[in-house]
Structure formats: structure tokens, C-alpha cells
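Visitor: Have a look at this one.
The values are calculated or read from the model by the stated rules, or taken from the named source; none is laboratory data. Computed from a prediction, not measured in an experiment: that's the story for all the values here. Backbone-built Cβ (ideal geometry, glycine too); neighbour counts: all protein chains shown. The protein model used for the area step is the full one, side chains on, heavy atoms only, and it has no ligands, DNA or RNA in it. Shrake-Rupley method; radii C 1.70, N 1.55, O 1.52, S 1.80 Å.
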Amino acid sequence: MNDGAHPIGSSEMSPSECWDLLAASTVGRVGFRYTDTIKVLPVNYILAGQTVVIRTSPTGVLSTIAADDDVAFEVDYHNATSGAGWSVLMSGTVEVMTQQQIDELRHGKRVVPWAGGDRSLHLRFTAKTIEGRRVLRRR
């Protein structure tokens with residue numbers, strides 16, 4: 001049933017709507033070039049202002065994206081019962097966070113990775129572009 005808030009079909013979201021949805025989630029995907037292929041890996045994250053913070057292994061694949069200026073970050077949601085969903089896609093840059101930046105995070109939020117092992121490398125994704133879409137199928 002369509003309550004009128006979002007039309008049936010697909011509609012673009014404003015950047016503000018995208019940021020609100022990103023703040024409500026904790027799992028996303030990072031897409032990047034790795035050797036001769038494209039990798040897309042799930043990550044836990046938090047939003048710190050309008051940057052995405054993830055923790056990863058200092059020796060893992062994601063550690064190679066630090067200082068990369070061509071990275072994607074995506075978060076989505078769907079409800080199979082209602083037929084509603086949304087997706088937010090950003091492109092931007094990634095940098096290693098300084099200890100001071102990490103300490104400032106501890107006053108508020110902390111990324112808690114689901115993956116085990118050493119996840120001491122904090123990366124900050126800064127968006128150059130952000131776009132989002134809502135979908136609602138007719139029931």
C-alpha cells in the first residue's frame with residue numbers, strides 16, 4: 001500500500017535524505033580497484049559528521065585503499081514484505097586517520113567490526129558525490 005510519502009516506482013533522494021539513512025545503518029560495502037580486478041567488501045562503519053569511518057586490519061586488503069581517490073561506498077536496505085527499499089551510493093577518497101582523530105571519535109561513537117582479529121587501522125571515507133534512490137513496488 002502506498003501512503004503517498006513515496007511514489008510507486010523509483011525516485012531520487014536528496015543528499016540530506018541520503019545522510020540520514022547512512023546515519024541509521026552500520027553495515028555498508030566498499031568498492032575499489034585491487035590489482036587487476038574490482039573488489040566489493042562488506043564493512044561495519046559509523047558516520048562522523050559527513051565522513052564514514054571503518055576499522056580494518058593493518059595488513060588486510062582494505063589497508064591498500066588508504067590515500068586512494070577512487071573508492072565507492074554503498075549502503076542499501078530492502079523489505080521483501082512491503083516491497084520498499086533504498087540505496088545510497090557515494091564515491092570519494094579514503095585516508096588513514098590520525099591518533100588524534102581516533103581519540104576524538106571515542107568521545108562519542110566507536111566502530112565495532114564484526115570480523116575478528118586485529119582491526120586497529122581506522123580509515124576515513126570522504127564523499128565527493130552522494131546519490132540515493134528509493135524504490136517501492138506495487139503490491
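Visitor: With unit charges on the beta carbons (Lys and Arg positive, Asp and Glu negative) and the dipole taken about the Cα centre of segment 1-93, which residue among Phe73, Val43, Trp86 sits farthest to the positive side?
Guide: My answer, from the dipole projection, is Val43.
Visitor: Let me ask another. Which three numbers, in whole Å and largest first, are the semi-axes of the equivalent ellipsoid of segment 25-79 derived from its Cα gyration tensor as √(5λ)?
Guide: 19, 14, 11
Visitor: Carbon and sulfur: what percent of segment 19-68's accessible surface (1.4 Å probe)?
Guide: 52
Visitor: Would you pull out the residues with amide H under 5 Å of Ile46's amide H, same chain only if 5 or more places away, H placed 1.01 Å from N?
Guide: Val53
Visitor: For the pair Ala23 and Tyr77, how long in nm is the line joining their label points, each one 7 Å along Cα→Cβ?
Guide: So the two model labels end up 1.3 nm from each other.
Visitor: So, one more: Report the local net charge at Arg33: Lys and Arg +1, Asp and Glu -1, summed over other residues whose C-beta lies under 9 Å from its C-beta.
Guide: Result for the local shell: -2.
Visitor: Hey, got the Cα dimensions of segment 1-93 along the principal axes, in Å, largest first?
Guide: Result, largest extent first: 48, 29, 21 Å.
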